[in-house]
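First up is the structure itself, then whatever we jot down about it.
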Amino acid sequence: MYLTEFLTVALIHLLAVASPGPDFAVVVRESVTHGRRAGTWTALGVGTAIFLHVGYSLLGIGLIVSQSIVLFNALKWLAAAYLLYIGFKALRAQPAKPATEDLHKEVGERTARGAFTSGFVTNGLNPKATLFFLSLFTVVINPHTPLSIQAGYGIYLAVATAVWFCLVAMLFSQQRVRAGFARMGHWFDRMMGAVLIAIGVKLAFTEMH
């Protein structure tokens, strides 16, 4: 009975998650700079943050945020500030000494907790994600659909997001890919920093529709 609704949710989610954004940029940067382990933990952080969005959408809190310009702007500026912070931090990246040595050093420096937190905060503070899940749970998903079914959709969304970004992490953490970035790793870091800053600035000027 709910198969059509679920397939619609899955398709919309696929289109949303596949489009480059803060989550993609952070997972790629962590994977290339710190390796597969860090990239995977970042992906899991992004996926776990989906439960946050699903939770307040089911509770109806998302509706309150969407109707309050003050709350929306607070969330928006928090997200923009965080992206600008990690973006400017990446812009300050310095050239590595020996490339291979630097790769091993970076892997050891990045903790699982730090990588997970990076992914969780990036996705959790994204107001566009708030609006996406709000529209998903109020427009796409029928309000009369049982909460247990809606919760099931939420679990799928979280797992599918984590799996997608784990695949992204696997791709960009491959030795060949990382080796290709090793000699100019600091330039890649700076480029990703510029991307994150651009996303942060764009986010800061996002208007509530």
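Each of SER57, SER148 has its accessible area taken with a 1.4 Å probe; listed largest first, they run SER148, SER57. In plain terms, the chain from ILE69 to ALA198 could stretch by 44.2 nm, reckoned as 0.36 nm per residue minus the Cα-Cα distance. Shown are ARG29, ARG178, ARG36, whose ranking by accessible area with a 1.4 Å probe and every protein chain present, most to least, is ARG36, ARG29, ARG178.
Applying 1/(1 + (r/R0)^6) with r as the Cβ-Cβ distance of LEU3 and ARG92 and R0 = 45 angstrom yields a FRET efficiency of 0.35.
The values are calculated or read from the model by the stated rules, or taken from the named source; none is laboratory data. In this text, all values refer to a predicted model and were calculated from it rather than measured experimentally. Note that we place each Cβ from the backbone using ideal geometry, even for glycine, and neighbour counts take in every protein chain shown. Note: accessible area is taken over every heavy atom of the protein model, side chains too, but ligands, DNA and RNA are not part of it. Shrake-Rupley method; radii C 1.70, N 1.55, O 1.52, S 1.80 Å.
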